[in-house]
1. Please identify the pairs in which a residue from the range 302-318 that is closer than 20 Å to GLU357 by Cα has its Cβ atom under 6 Å from the Cβ atom of a residue that is among the hydroxyl-bearing types (Ser, Thr, Tyr) and open to solvent by 10 Å² or more (accessible area, probe 1.4 Å), counting only partners at least 6 apart or on another chain.
2. Please identify the pairs in which a residue from the range 146-172 that is closer than 17 Å to GLN265 by Cβ and part of a helix (DSSP H, G or I) has its Cβ atom under 8 Å from the Cβ atom of a residue that is of a type outside the set (A, V, I, L, M) and open to solvent by less than 20 Å² (accessible area, probe 1.4 Å), counting only partners at least 6 apart or on another chain.
3. Looking at (1) surrounded by fewer than 20 Cβ atoms within 10 Å (Cβ to Cβ); (2) among the hydrophobic types (A, V, I, L, M, F, W, C); (3) part of a strand (DSSP E or B), which is the one condition that is false for VAL65?
4. Could you run through the range 144-173 and say how many residues are more than 16 Å from the ligand (Cβ to nearest atom) and open to solvent by less than 50 Å² (accessible area, probe 1.4 Å)?
5. For the range 348-363, indicate whether the set of residues that are under 19 Å from the mean Cα position of the chain (by Cα) and assigned to a loop (DSSP other than H, G, I, E, B) is non-empty.
6. Just one of ALA42, ALA60 is crowded, with 17+ Cβ neighbours inside 10 Å and not in a loop (DSSP other than H, G, I, E, B); which is it?
7. Suppose the filter is open to solvent by 30 Å² or more (accessible area, probe 1.4 Å) and either touching a Ser or Thr at 6+ places or on another chain (Cβ under 9 Å) or within 16 Å of the ligand (Cβ to nearest atom) (or both); does ARG51 pass it?
8. Give just the number: which of (1) within 16 Å of the ligand (Cβ to nearest atom); (2) over 21 Å from ARG38 (Cα atoms) does SER105 not satisfy?
Amino acid sequence: MTSHPLPLVRAAAPGRVNLIGEHLDYNGGRCLPIALDRRTVATVAASPDGRHHLHSGELAWHGAVGERADGWASYVVGVLEALGVRDPLAVTIRSDVPVGSGLSSSAALECAVAVAVNACLALGRSDEELVAACIAAETSYVGAPTGGLDQTTALFGRPGHALLLDFADGSRTPVPWRPEPAGLRLLVIDTKVAHRLALGALRGAPAGALAGASSGDGGYAARRAECEAAARTLGLDRLADASPDDLARLTGNELRRARHVVTEQARVAEFVDALVEDDWATVGHLMTASHASLRDDFDVSCAELDAAVEAARDAGAAGARMTGGGFGGSAIALVPVGRADAVEAAVRERFAEDGYESPAVFPVEAAGAAEVVQIS
Ligand code: GLA
C-alpha cells in the first residue's frame with residue numbers, strides 16, 4: 001500500500017491492425033502490426049473508500065482489492081492483479097476503439113490501465129514488464145490464450161511505422177508504413193459480427209466471454225492447440241520453424257494449419273521487402289493471398305469477412321484481408337485514395353445484398369504507443 005496521496009493519472013493506449021503475419025505470434029513467427037489512431041483512455045486515482053471502483057460509460061464494477069471480476073472488468077482487475085496492486089483505485093475508461101471488432105480493444109484497455117497505474121503508484125515498471133503484465137492479465141486472469149501481438153503493439157507502436165515483431169527472438173523492428181505518398185489509404189471494414197457477440201459480455205457474461213466473442217467462442221484456442229499438435233508431430237518447439245518440406249510429413253487439419261503458418265511466414269518477409277522497395281502492388285497481392293490462406297487453410301474467416309474482401313477487391317482495392325483473430329471482426333483494404341469512396345460504397349452494397357448488418361468503414365493511420373497524457 002502506498003502511504004502518500006496518489007495523483008490522478010490519465011493514460012491512452014491504441015488499438016491495432018495487423019497488416020500481415022496472422023496467427024503467427026503464438027507459433028513463434030513474425031507479425032507486422034500498426035498501432036491505430038484510435039485509443040482507449042484510462043483515468044486512475046485513489047479510491048475514496050478502500051474498494052476498487054471501475055466505470056466505463058454506463059457500466060460499473062465495484063469490489064474489494066483481490067476480489068474476482070467478470071466480463072469487461074476482468075481486463076482491468078486482471079492488470080491490477082498482474083501488477084500486484086494492493087491500493088484500492090478508482091478507474092474510469094473511455095474509448096473510441098470499437099469493442100469486439102478485432103482491433104484489440106481489450107489490449108488497448110489493458111495497456112491504458114497498466115500505463116496509468118504504473119505512473120499513479122510510481123511502480124517503475126519498464127514497458128517490457130507492462131507488456132508481460134497485460135499478457136498475463138489476458139491469458140491467466142481472463143483466460144484468453146492469445147499470443148502477445150496486441151499488447152506489444154499497444155506499448156511499442158510508432159507513428160508512420162509498422163512494427164516487425166519477431167516472436168522467436170523477441171525483437172521489434174520499425175518498418176516505415178506510409179501508403180498516402182503512394183496514393184493509397186488503409187481502410188478498416190468492421191463487419192460488426194463479433195460486436196454482436198461481445199455485447200453479451202458487456203451485459204455481464206462470465207470472464208473470458210468478451211475475448212471468446214472476438215476470437216470465435218473457442219475457435220482461437222482450438223487453432224492454437226492444432227498448431228501445437230502439428231509442431232509436436234514435426235518434433236519442433238514452434239510451428240513457425242517448419243520448412244515447406246516439412247509439410248509433406250503432415251496430413252489433414254495439421255497440414256492445413258501448418259501450411260498457413262509456413263506460407264504466412266514467407267509472406268511477411270516478402271511484404272517487408274516490398275515496403276522497403278515501395279512496391280505497393282506486391283504489398284496488395286500479399287494481403288489478398290494472406291486472406292485466402294486464413295480462409296482456406298486456417299479456417300478463421302467468415303462469410304462477412306470474405307464478402308468485405310471480395311467487394312473491396314472488385315471495386316479496385318490493391319489488396320484486402322481479414323485482420324486479427326478472425327471469426328468476425330474487421331477486414332482491411334488498401335485502396336487508391338481516389339477509389340476509397342467507391343470501395344466503401346461497394347462493400348456497403350454487397351453487405352445489404354447479402355443481408356448483413358451495415359459495416360463501419362473508416363481510414364486508419366499508423367499512430368504511436370500508449371502514453372501518459374495527464375498527471376495532476
Ligand atoms: C488475436 C490475438 C493475437 C493474435 C491474433 C492473430 O488478436 O489476441 O495474439 O494471435 O489474434 O494474429
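The values are calculated or read from the model by the stated rules, or taken from the named source; none is laboratory data. Note that the structure is predicted; figures quoted are calculated from it, not measured. Positions of Cβ are generated from backbone atoms using ideal geometry, with glycine treated the same way; all protein chains shown enter the neighbour counts. Ligands, DNA and RNA are excluded from the accessible area calculation, which covers all protein heavy atoms including side chains. Shrake-Rupley method; radii C 1.70, N 1.55, O 1.52, S 1.80 Å.
1. Every condition considered, the pairs that remain are GLU304/TYR356.
2. LEU149/ARG16; LEU149/ASN18; LEU149/ASP25; LEU149/CYS31; LEU149/PRO33
3. Condition (3) is where VAL65 drops out.
4. We begin by selecting, within the range 144-173, every residue more than 16 Å from the ligand (Cβ to nearest atom); these are 158-161, 169, 171, 173.
After this cut, where a residue has to be open to solvent by less than 50 Å² (accessible area, probe 1.4 Å) as well, the list is 160-161, 171.
Going through the range 144-173 one residue at a time, the tally reaches 3.
5. Keep residues of the range 348-363 that are under 19 Å from the mean Cα position of the chain (by Cα), which gives 359-363.
Now restrict to residues that are assigned to a loop (DSSP other than H, G, I, E, B): 359.
Taking every residue of the range 348-363 in turn, at least one turns out to be under 19 Å from the mean Cα position of the chain (by Cα) and assigned to a loop (DSSP other than H, G, I, E, B).
6. Values: ALA60 fails: crowded, with 17+ Cβ neighbours inside 10 Å.
Checking each option against the conditions leaves just ALA42.
7. Numbers: open to solvent by 30 Å² or more (accessible area, probe 1.4 Å): yes; either touching a Ser or Thr at 6+ places or on another chain (Cβ under 9 Å) or within 16 Å of the ligand (Cβ to nearest atom) (or both): no.
No; evaluated as a whole, the condition is false for this residue.
8. Here SER105 clears every test but (2).
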